[in-house]
Amino acid sequence: MSAVKLLPGVYWVGVVDWNVRAFHGHTYITRRGSTYNSYLIVDEKIALVDTVYAPFSDQLLRNISEVVPPEKIDYIISNHGETDHSGSLPALKKACPNAKHFGSAKVKETLEKMYYLGLDLQVVKSGDKLSLGKKTLSFIEAPMLHWPDSMFTYLIEDGVLMPNDAFGQHFASSARFDDEVDGSPLFEEAEAYYANILWPFSPMVLKKIDEIVKMKLPLKMIAPSHGIIWRKDPMKIVNSYVEWAKQTTRRKAVIAYETMWKSTEKMAYSIVDGLVSEGVEVKMYDVAETDNTEIIREMLYARGYLFGSSTHDNNMLPNLAMFLEFLKGLKPSGRKAAAFGSFGWAGGAVKEMENFITSPGIEIVQPGISLKFAPSPEELKQCFEFGKEFAKKLF
Ligand code: FEO
């Protein structure tokens, strides 16, 4: 992708990573690819806000060259030190050795320890401004959205907020703006992004958004570091973040289970029927078949979580254990839960799941159901009733 003019003097010079399917190790499955967005602001002084993942350094430099020779860059702003946004700094340092570098105190620490380049980074704080001539950049520290070093850069005269990872989506596209793409998959990816990355930092998200709203910044565009730029109605994604960060839920249950010989799965189907008979919206996933990213996205609005596992070595199955470990780290709150599963000669999975689930934000609201071998028709009725009972806890 070539450079794209967003506004007079403001360019997207990032790259589209069409093929990336795993992010943050393999904790995030990026089924729609991603982008690394880098923004070039050309005025009397020229500033580059964020770089791209190292394997794409040449593309970044090519895109910059379509607008200005890279050596003309006066300022580089690092909003965040993570590799996907800082990886091209070594290449950039060679291309524009005289550019001054700005970022938060924490980003300075991150970059020093990550690249050992002796970067002479000038620390900026919230409220600091950098004049480019007619245009001015202003900085807003945003710790834990989603790293301690995170910062937003705001282009005052054009009303463009560049908040790095916040408000992003892993969404590869030849389009750059939200009004150029189908809104449903885009928003689905924004939701997945919040659920899988920002959920644990919800209190900080609320605080930062409140602070920004009080600043009354005109917002013409929100230009994150991944995916599409919000310009149609930039407040829509901000308001969604508020809703997600408040842990708003609805009468919805997600069943996440793992099964050895389908007995636990049969139980799950009957539990679904019980829930549905009480008007609950349900999603059900075998965690061994579906990636965490999708299940976690569905859990964002769900008030009820049901976990199922066959017993194996007196414990739950390993994929479900890994899933619960991941979920715990996201710190959901105000959720109701219960466990179920089948066993052969001795149980154990239900108790292990209940012990594991225990966290301040997830309350076990009814005793688990544990059945020996394949469920009988009578036992499937018990599972149906189990689902109905759980449904009543979701008001
Ligand atoms: Fe926190 Fe997109 O990196």
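Relative contact order, whole percent, for region 270-348 stands at 34, derived from Cα pairs under 8 Å and 6 or more residues apart. On the protein heavy atoms, probe 1.4 angstrom, tell me the percent of accessible surface of region 4-245 carried by carbon and sulfur. Roughly 54 percent, rounded to a whole number. Quote the Stokes-Einstein diffusion coefficient, in whole µm² s⁻¹, for the chain, based on the Kirkwood radius over alpha carbon pairs, a temperature of 10 °C and a viscosity of 1.306 mPa s. Reported coefficient: 70 µm²/s.
Stretching Thr358 away from Met260 to a fully extended chain increases their span by 32.8 nm, per 0.36 nm per residue minus the current alpha-carbon distance.
Over region 182-306, calculate the relative contact order: mean separation of alpha carbon pairs under 8 Å at least 6 apart, over the residue count, as a percent.
Values: 125 pairs, mean separation 38.4, N = 125.
Taking the mean separation of contacting Cα pairs over the length of region 182-306, I get 31 percent.
As a ratio to 2.2 N^0.38 Å, the alpha-carbon radius of gyration for region 253-392 is 0.93. Listed by chain and number, the aspartates and glutamates placed with their C-alpha closer than 17 angstrom to that of Lys372 are Glu258, Glu265, Asp313, Glu352; residues fewer than eight positions away on the same chain are left out.
Placing Leu380, Leu371 in order of accessible area, with the largest value first and a 1.4 Å probe, yields Leu380, Leu371.
Between His24 and Ala175, the simple spin-label model (points 7 angstrom out along Cα→Cβ) gives 2.7 nm. Are any of the pairs Lys232/Lys252; Lys135/Lys207; Lys129/Lys216; Lys100/Lys125 more than 24 Å apart by Cα-Cα distance, and if so, which? Pairs exceeding the cut-off: Lys232/Lys252; Lys135/Lys207. Average projection, convex hull of the Cα set of region 170-297: 9.8 square nanometres.
Its DSSP H runs of at least 4 residues, each contributing -39,500 (n - 2.57), put the calculated 222 nm mean residue ellipticity of the chain at -10000 deg cm²/dmol, to the nearest 500. Going by Cα centres, region 125-143 and region 248-308 are how many Å apart? Spelled out, the Cα-based centre of one part sits 46 Å from the other. In this structure, the pairs whose alpha-carbon distance is over 29 Å, taken from Lys113/Lys246; Lys262/Lys328; Lys208/Lys393, are Lys113/Lys246; Lys208/Lys393. Using the alpha-carbon positions of region 27-87, Rg (one decimal) and Dmax (whole number) come out as 12.6, 43 Å. Each listed q (0.16, 0.19, 0.24 Å⁻¹) maps to a log10 I(q)/I(0) for region 111-186 from the Debye sum over equal C-alpha point scatterers, namely -0.82, -1.00, -1.13. Note on region 262-317: percent of Cα-Cα distances in each 10 Å bin, starting at 0 and stopping at the bin with the largest distance, equals 19, 51, 28, 2. Put the Cα centre of region 343-378 next to the Cα centre of region 24-79 and the gap is 49 Å. Restricting the chymotrypsin sites (Phe, Trp or Tyr not before Pro) of region 46-143 to loop positions (DSSP other than H, G, I, E, B) with no more than 16 neighbouring Cβ atoms within 10 Å leaves Tyr116.
The values are calculated or read from the model by the stated rules, or taken from the named source; none is laboratory data. Quantities reported herein were computed from a predicted structural model and do not represent experimental measurements. We place every Cβ from the backbone using ideal geometry, glycine too, and count neighbours over all the protein chains shown. For the accessible areas, the whole protein counts, side chains as well, though only heavy atoms, and no ligand, DNA or RNA atoms are used. Shrake-Rupley method; radii C 1.70, N 1.55, O 1.52, S 1.80 Å.
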